[in-house]
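All remarks here apply to the structure that follows.
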Amino acid sequence: MKNALTYLSLTFFTILFISCGNADDDVSFDINQGELGKGKEPDNCLGFGDNELLLSIQDQFTTLPGKISILFKVSDLLGNPISGLTANQFTIYEQGRNDDCFNTISSSESLARISPNSQVFSNNTLLVLDLSNSVLENSLEELKTASTSFINNVMPNPETDSFKMAIYWFDGEDKLHLLNNLTSSTSELTGAIDGITADISNDPSTDLYGAVIKSVDFAEDLLQESNQASIIGAASIVLFTDGTDQASRFTKDAALKAVNQADRNISFFTIGLGSEIDTEILEEIGKTASVFAGNKEELEATFTQISQRVSEQANSFYLFEYCTPKRDGSGDNNLVIQLTDGGLQGAVQTKFSANGFTGGCE
């Protein structure tokens, strides 16, 4: 931050946020360090003042004859994701080698737009359900209704390859059972939920910590697959349970270590039901957000709460594209993107090369 007052304010609010049990471990930057991903604070010559919104650059690339593409994530100073932004909320500033400061680039003349990000970004959700006997005997229908609502709320319409979901379940066995493979099909996912019957398991135990550890492993594998395909990956683990770990195959410390040492591109959400849960442990596992239902009638509402947070996370990634007036021979150019949302503003600076650029832009 640019001054001590901002730093102290950010520290205070961050501590306050963590004390509520929902420390949002945001994608690709640690909010406590105020990082901007691959970007940096804008030059002082622009006089923007302190950031109230954070634009964390994930990746950027250029396309001939003159297009600039930047993928970034937007959050507030507490790490809460900001979704639903439009291109007209962003202002572009460029500084060439002959410019003392930055020049404003017309958003309309440069054809600035928010574009589909499926070619550079992949977001996967793992819905992990406790289907031990206590759930199957007491709250299965309510869980199926709540899970179906969750899927319908989270999955984009129309479907997109950049957002997929898989469903797993666990009981007391040392295994995370696959209910439905990773897919972008909402109907396939809801069909899998509808097909759950009370005889899917007869195990009275609960391997909660094992489910957490295995979920992290699966999410890490998905991120690695994305990286190998030169795609930026993010993942969300959404875990439901109505109890505590009974199987004792793994320790609480091992489960929390898996969560806390996981890739920062993984978000963690937990949903607890009833009086048998340990809310403190579920809050530690669900460090992005955790909610609790006192009874099965409240289950759908709690799933809806989490679905809103999962959707906000996924929709806070933006692929911003525009056509630059810079041309071949200009060398490296500085670029600042400023966002205004209501009374708040944030900006981030990066640079690009215009080598090979000519007139026109796709």
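Taken over the C-alpha atoms, the stretch 210-294 has Rg and Dmax values of 13.5, 45 angstrom. Using 0.36 nm per residue and subtracting the Cα-Cα separation, the extra length available between Gln228 and Asn98 on full extension is 42.9 nm.
Among complete DSSP H helices in the chain, those whose alpha-carbon atoms stretch at least 18 Å along the helix's long axis and whose mean Kyte-Doolittle hydropathy reaches -0.5 are 4-19, 140-154, 208-228, 299-314. Here's the picture: charge each Lys and Arg Cβ at +1 and each Asp and Glu Cβ at -1 in the chain, and of Thr86, Ala258, Thr148 the one pushed furthest to the positive end of that dipole is Thr86.
Loop-located trypsin sites (Lys or Arg not before Pro) across the stretch 48-98 with a Cβ neighbour count of 11 or fewer within 10 Å are Arg97, with loop assigned by DSSP.
Remark: the Leu140-Thr183 segment gains 13.1 nm on full extension, using 0.36 nm per residue and subtracting the alpha carbon distance. In the structure shown, do any of Lys40/Lys67; Lys287/Lys351; Lys38/Lys144 have a Cα-Cα gap over 32 Å, and if so which? Pairs exceeding the cut-off: Lys287/Lys351; Lys38/Lys144. Computed over protein heavy atoms with a 1.4 Å probe, the accessible surface of the stretch 154-289 works out to 43 Å² per residue. May I ask for the net charge around Gly84, where only other residues with Cβ less than 15 Å from the Cβ of Gly84 are counted and Lys, Arg are +1 while Asp, Glu are -1? Result for the neighbourhood of Gly84: -1.
On the chain, 46 percent of the accessible area sits on carbon and sulfur atoms, based on a 1.4 Å probe. Charged neighbours of Ser139, selected by a Cβ distance under 9 Å, balance to -3 (K, R count +1; D, E count -1). Per residue of the chain, the DSSP helices (runs of n ≥ 4 H) give a summed -39500 (n - 2.57) that works out to -8500 deg cm²/dmol at 222 nm.
Ordered from longest to shortest, the equivalent ellipsoid semi-axes for the stretch 84-128 are 33, 13, 10 Å, each the square root of 5 times a Cα gyration tensor eigenvalue. Please compute the per residue accessible area over the stretch 31-97 with all protein chains in place, 1.4 Å probe, rounded to a whole number of Å². Per-residue accessible area for the stretch 31-97 comes out at 39 Å². Of the trypsin sites (Lys or Arg not before Pro) found in the stretch 271-334, no site is in coil according to DSSP while having at most 10 other Cβ atoms within 10 Å of its Cβ.
The values are calculated or read from the model by the stated rules, or taken from the named source; none is laboratory data. Please read all numbers here as calculations on a predicted model, not as lab measurements. Note that we place each Cβ from the backbone using ideal geometry, even for glycine, and neighbour counts take in every protein chain shown. Accessible surface areas use protein heavy atoms only, side chains included; no ligands, DNA or RNA. Shrake-Rupley method; radii C 1.70, N 1.55, O 1.52, S 1.80 Å.
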